[in-house]
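Chemist: Below are the C-alpha cells for one structure; questions will follow.
The values are calculated or read from the model by the stated rules, or taken from the named source; none is laboratory data. In this text, all values refer to a predicted model and were calculated from it rather than measured experimentally. FYI the Cβ positions are ideal-geometry reconstructions off the backbone, even for glycines, and counts take in every protein chain you see. Surface accessibility is based on the protein's heavy atoms, side chains included, excluding ligands, DNA and RNA. Shrake-Rupley method; radii C 1.70, N 1.55, O 1.52, S 1.80 Å.
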Amino acid sequence: MKIRHQLAAQLSTVRKELKQDFEGVLRELHKMGWTAVQIDGLHGNPAKDIAAIMNELGLKTAGMHVGLERMSNDLDAVLEEGRLFQTKDFICHSLPDGLQTPEGYASVRKDLLSVAEKVKGTGFRPGYHNHDFEFHTKLEGKYALEYLLDDPAIYPEIDTYWVRKAGLDPLTFISNYAGRMPILHLKDMTSDGKEYFAEIGTGLIDFIPILRWGLENGVEWFAVEQDYCPGSPLDSLALSLENLLKLEEQL
C-alpha cells in the first residue's frame with residue numbers, strides 16, 4: 001500500500017527556518033519529496049502569498065494548527081485561510097497551563113463545541129491535537145483528552161509520541177477513533193531511555209501497524225512533526241521521509 005502522497009511535513013518542525021525564509025523552506029521541502037505540509041503559523045507572511053507559492057509547487061495542505069483563542073474569536077479569518085490553503089481542517093494545537101485543570105478542560109470543550117456549531121454544514125472540521133498533559137487529568141472517569149473528543153463534532157489529531165510519553169500504547173489508543181481522524185501525527189521517541197524526540201524509524205515506536213491502521217480507518221494525512229531536532233530540522237525531516245518510504249514497502 002502506498003502512503004507517499006499522504007505524508008505531510010508539520011511546519012512547526014522548521015519554525016526557526018521559516019522566520020528567515022518561508023518560501024525557501026517550502027521549496028526545499030518540495031525538492032526533498034514532500035507532497036504536503038501542515039500549516040503552523042505564517043510568521044507575518046500574508047496567507048495569500050504563501051498559498052500562491054504552495055500552488056506553484058503543487059504542495060497540498062494537511063490542515064492548519066491554530067490556537068483556541070483564534071478559533072473562537074477570529075473564526076472568519078481562520079476559515080478564509082482554510083479556503084486559500086484548500087483545507088477544511090483547523091486544529092487546536094495546544095492549551096496554556098491555566099486551562100489544564102478539570103474546570104479548564106470543561107471550558108475548552110464548551111468552546112470547541114461552539115466553534116463546531118458555527119461551522120456545521122460548511123465542510124470545515126475543527127480538531128484537537130494532544131500532548132501528554134491531557135492524560136494527567138481525568139473528568140467523568142475519562143482522560144481529559146477522551147473527554148474533549150467525546151463529541152464527534154471535534155476531530156482527533158492524535159500524536160503518537162505524546163501518547164507513548166503518557167505511558168499508553170499509541171496503536172491501542174488511536175483505535176478508539178476509527179473513521180473520525182483525518183490527520184494522524186507521526187512522531188518517534190528515542191530508545192535510549194531519555195524518551196526524547198526522534199526521527200521516524202530511529203526510535204522505539206513501531207509505525208508499521210500504525211500506518212496500516214490509518215490506511216484502513218480513514219486517515220487522510222500522516223503529518224510528521226519533530227518538536228526539537230539534534231541538528232538541522234530539514235535534515236531530520238529528510239530522514240523521517242526516507243524511513244517512511246522504506247516502511248511503505250512493508251505495508
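Chemist: Scan region 41-62 for residues that are more than 21 Å from Trp221 (Cα to Cα) and either open to solvent by less than 30 Å² (accessible area, probe 1.4 Å) or basic (Lys, Arg) (or both) and jot them down.
Modeler: Correct list: Ala47, Lys48.
Chemist: Also: Could you check region 112-128 and list, in sequence order, the residues that are under 23 Å from Asp40 (Cβ atoms), open to solvent by 60 Å² or more (accessible area, probe 1.4 Å) and part of a helix (DSSP H, G or I)?
Modeler: Across region 112-128, the qualifying residue is only Lys118.
Chemist: Additional query: I'd like the residue in region 207-251 that is hydrophobic (A, V, I, L, M, F, W, C) and surrounded by fewer than 16 Cβ atoms within 10 Å (Cβ to Cβ) and, out of all such residues, is nearest to Asp21 (Cα to Cα). Reasoning before the result, please.
Modeler: At the first step, the residues of region 207-251 found to be hydrophobic (A, V, I, L, M, F, W, C) are 207-208, 210-211, 213, 215, 219, 221-224, 229, 234, 237-239, 241, 244-245, 247, 251.
Pick out the ones that are also surrounded by fewer than 16 Cβ atoms within 10 Å (Cβ to Cβ) and you get 208, 215, 245, 251.
Details: Ile208: 34, Leu215: 34, Leu245: 27, Leu251: 36 Å.
Only one residue fits best here, namely Leu245.
Chemist: Look at Leu186 and say whether it is under 17 Å from the mean Cα position of the chain (by Cα) and closer than 23 Å to Val115 by Cα.
Modeler: Criteria not met by Leu186.
Chemist: Hey, another quick one. Being acidic (Asp, Glu) and either in contact with a strand residue (DSSP E or B) (Cβ under 8 Å, 6 or more places away or on another chain) or in a strand (DSSP E or B) (or both) is the filter; apply it to region 185-206 and report the residue that is most open to solvent (accessible area, probe 1.4 Å).
Modeler: The qualifying residue most open to solvent (accessible area, probe 1.4 Å) is Glu195.
Chemist: Next question, about the same structure. Is there any pair linking a residue in region 238-251 that is in contact (Cβ under 8 Å) with a residue 40 or more places away in the chain and within 16 Å of Gln6 (Cβ to Cβ) to one that is among the small types (Gly, Ala, Ser) and not in a helix (DSSP H, G or I), with Cβ under 6 Å and at least six apart or on different chains, and which?
Modeler: Sorted first by the residue in region 238-251, then by its partner, the pairs are Leu241/Gly33; Asn243/Gly201.
Chemist: While we're looking at this one, here's another question. Checking His131 against (1) outside any loop (DSSP other than H, G, I, E, B); (2) surrounded by 13 or more Cβ atoms within 10 Å (Cβ to Cβ), only one condition comes out false. Which one?
Modeler: Against the list (1) outside any loop (DSSP other than H, G, I, E, B); (2) surrounded by 13 or more Cβ atoms within 10 Å (Cβ to Cβ), His131 comes up short only on (1).
Chemist: Would you point out which residue out of Arg70, Arg27 is out of contact with any Leu (no Cβ under 8 Å at 6 or more places or on another chain), surrounded by fewer than 19 Cβ atoms within 10 Å (Cβ to Cβ) and either within 30 Å of Leu245 (Cβ to Cβ) or of a type outside the set (Val, Ile, Thr) (or both)?
Modeler: None of the others qualify; the one that does is Arg70.
Chemist: Also, quick follow-up: Residue by residue through region 148-171, note down the ones that are in contact with a Lys or Arg (Cβ under 7 Å, 6 or more places away or on another chain) and charged (D, E, K, R).
Modeler: If the condition is that a residue be in contact with a Lys or Arg (Cβ under 7 Å, 6 or more places away or on another chain) and charged (D, E, K, R), then Asp159 is the only one that fits.
Chemist: Would you be able to tell me the number of residues in region 77-125 that are among the hydroxyl-bearing types (Ser, Thr, Tyr) and closer than 11 Å to Met64 by Cα? If you could, list the steps in order and put the result at the bottom.
Modeler: Within region 77-125, the first condition is being among the hydroxyl-bearing types (Ser, Thr, Tyr), and the residues that meet it are 87, 94, 101, 105, 107, 114, 122.
After this cut, where a residue has to be closer than 11 Å to Met64 by Cα as well, the list is 87.
So the answer is 1.
Chemist: Hey, can you tell me all the residues within region 1-24 that are farther than 26 Å from Ile158 by Cβ and crowded, with 16+ Cβ neighbours inside 10 Å?
Modeler: Answer for region 1-24, where residues must be farther than 26 Å from Ile158 by Cβ and crowded, with 16+ Cβ neighbours inside 10 Å: Glu17, Phe22, Glu23.
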